[in-house]
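In what follows, a single structure is set out as structure tokens and then discussed.
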There are 2 protein chains.
Amino acid sequence: MSRAADIAYAEIRGLILSGQAPPGTRLKEEELAARCGVSRTPVRDALRRLEGELYVVRNGSGMQVADWRAEDVEELFALRSMVEAHAAARAATRIDAEALEELRAINARLEAAIARPSADIQAFLEANRAFHARILAAAASPRLPAILSLLVEQPVVRRTAQRYGRDALERSAAEHAELVRALAAHDPEWARAVMTGHIRRAYHAFVDASGSDPARAT
Amino acid sequence: MSRAADIAYAEIRGLILSGQAPPGTRLKEEELAARCGVSRTPVRDALRRLEGELYVVRNGSGMQVADWRAEDVEELFALRSMVEAHAAARAATRIDAEALEELRAINARLEAAIARPSADIQAFLEANRAFHARILAAAASPRLPAILSLLVEQPVVRRTAQRYGRDALERSAAEHAELVRALAAHDPEWARAVMTGHIRRAYHAFVDASGSDPARAT
DNA sequence: CTGAGCCTCTCTGTATACAGAAACGGTCGC
DNA sequence: GCGACCGTTTCTGTATACAGAGAGGCTCAG
């Protein structure tokens, strides 16, 4: 795709996700343009994309960083578990041997990342993302990726994972393995159930983590 | 919001939904700009929005009208029933008396529209849209509207409704009434069940309609 | 001292101009 | 006659210029 518009998109998204632009921050096109070293036009493009992904919201004229913390986190996880479970069920009826092998390889990477004495959270997150993305691809439904991009806030995933103890990390890996078995059996309801549990466990991990971290409490 | 960008959005969306721009059509910015009487800038904005809503897709450089007909229609309805049922369940726990009264009023309009000797499909569609929108609002979940906008293709709704016989129209009204009862009882599972059935019945109506309409068969 | 009105200033929305890339057609060589 | 290469044309991406709306501050009157 385009060069400048992608730079702007990545930069602004980074500002939001890193917390440098906290929720409620007014995003001024000119200021962002200067920061990205591009003109206002690609910045506008980037802001439209981010608006569609609900990272920013309009208030009157003018964009500001959306406050996802004010949202009902349980609702977010409920929607995500519903949609990802659906994706898993659909994938179960369509997945082929090659994709299953890829999933096993990805989960092997994930296990390797947490096997080290000090678990490599970054590698875990990357493998986890790849695992879910691969299942999404196997579901082969054009609209599912767009929907999930509205529901999966990477900061939430990261915060959740960073609070995982070793046992929780290992449980994640085990659930992934279980998911692969369900997919290999082409059993949609099994896959749905495992994925639902997987996401809902992540939800409770997130809530526990938030509760024990006063700075992050909403 | 802005004037020209909305004009462009409505115009282009209209072109797509009316079939004047069939799937696969290359959408040229300059051409659209001339057609809408605005410059390319608001047209670009409109195209970004439509891209986010999956009405158009990029291929390389250049946008073209997405081919939703190639999509798995059952999958679309499955997702929609899942999400709308969720919205109904959530609304059931939150709805207040005022909103319930509004829903009853809207459904009364709907019943009036189909009571006439020759049912007023246009009024039916409008009331139906308002009914679902009101429940969505009662669910009070910021992301649900964005998700549903990805799933509800108005041409599908219209084609389904136009094929409804009087009995199907009356069943729709009756299901709406049942939904209001479930919401009034603040019973999320009841509301979820009724909404699921409501959408799934619409799915079968759509399939039957498509099957009996060779020109529309995918 | 407070409130209202006006003025200014900034920011967005829109239009236009320019550059680069990709597609199309024509022509030349084989 | 067919294929490949090159030129042209067109379209998108980007930058900039301008106008209108809105917010904020300042001043003046009560």
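The values are calculated or read from the model by the stated rules, or taken from the named source; none is laboratory data. All values derive from a computational prediction rather than experimental measurement. Here Cβ is always computed from backbone atoms with ideal geometry, including for glycine, and neighbour counts include all displayed protein chains. The area values use the complete protein model at the heavy-atom level, side chains included, leaving out ligands, DNA and RNA. Shrake-Rupley method; radii C 1.70, N 1.55, O 1.52, S 1.80 Å.
Chain A packed on chain B takes about 2600 Å² of accessible surface away from a 1.4 Å probe, both sides summed.
The distance separating the Cα centre of region A:4-83 from that of region B:133-160 comes to 23 Å. Roughly to the nearest percent, how much of the accessible area of region B:71-216 is carbon and sulfur, given a 1.4 Å probe? Result for region B:71-216: 55 percent of the exposed heavy-atom area is carbon or sulfur.
To the nearest whole number, what is the average tally of beta carbon atoms from other chains within 10 Å of the beta carbons of peptide B:140-153?
Values: counts 2, 6, 11, 11, 3, 0, 8, 8, 1, 1, 7, 3, 0, 0.
Partner Cβ neighbours, averaged per residue: 4.
Assuming charge only on the beta carbon of Lys and Arg (+1) and of Asp and Glu (-1), the dipole of region B:4-67 about its Cα centre is about 100 debye to the nearest 20.
Do you know the relative contact order of chain B, to the nearest whole percent, from alpha carbon pairs under 8 angstrom that are 6+ apart?
23
Pair-distance distribution P(r) for region B:156-209, from all Cα-Cα distances in 5 Å bins starting at 0: 5, 21, 27, 21, 14, 9, 3 percent. Summarising the amide proton neighbourhood of A:Val56: residues at separation of 5 or more, or on other chains, whose placed amide H is nearer than 5 Å comprise A:Glu51, A:Ala66.
Assuming R0 = 41 Å, what is the FRET efficiency of B:Arg181 and B:Gln20, from their Cβ-Cβ distance, to the nearest 0.05?
Numbers: r = 42 Å, r/R0 = 1.03.
Calculated transfer efficiency: 0.45.
Taking the protein heavy atoms of region B:4-67 in the context of the full set of protein chains, the accessible area attributed to carbon and sulfur is 47 percent at 1.4 Å.
Using a Gaussian network model of chain A in which every pair of alpha carbons under 10 angstrom is joined by a spring, one finds that among A:Ala138, A:Ala97, A:Ala113 the greatest mean-square fluctuation is at A:Ala97.
Charge tally for A:Met63 (other residues, Cβ to Cβ under 9 Å; Lys, Arg +1; Asp, Glu -1): +1.
Label-to-label distance, A:Arg94 versus B:Thr93, with points set 7 angstrom from Cα along the beta-carbon direction: 3.1 nm. In the context of the full set of protein chains, residues of region B:4-67 present 48 Å² of accessible surface per residue (probe radius 1.4 Å, heavy atoms only). Springs join every pair of Cα atoms under 10 Å in this Gaussian network model of chain B, and among B:Gly37, B:Gly60, B:Gly19 the largest mean-square fluctuation is at B:Gly60.
Under a 5 Å amide H cut-off, with hydrogens placed 1.01 Å from N, B:Met63 pairs with B:Leu27 among residues at least 5 apart or on other chains. Contact with the other protein chains removes 30 Å² or more of accessible area, compared with the isolated chain and a 1.4 Å probe, from these residues of region B:65-105: B:Glu71, B:Asp72, B:Glu75, B:Leu79, B:Met82, B:His86, B:Arg90. For B:Ala123, the point set 7 Å out from Cα toward Cβ sits 6.8 nm from its twins in the other copies, listed from shortest up. A point 7 Å from Cα along Cα→Cβ stands in for B:Glu189, and the other copies hold the same point at 1.7 nm, listed in rising order.
Per residue, the accessible area of region A:129-214 comes to 41 Å² when a 1.4 Å probe rolls over the protein heavy atoms.
Need one word for region B:61-171: rounded, prolate or oblate. Basis is the Cα gyration tensor (sqrt eigenvalues a ≥ b ≥ c); a/c below 1.5 gives rounded, then a/b vs b/c decides. Present the calculation step by step, with values, prior to reporting the outcome.
Numbers: a/c = 2.15, a/b = 1.14, b/c = 1.88.
Because a/c hits 1.5 or more and a/b fails to exceed b/c, region B:61-171 counts as oblate.
Computed over the alpha-carbon pairs of chain A, the distance histogram in 10 Å steps reads 8, 29, 32, 23, 8, 0 percent, short to long.
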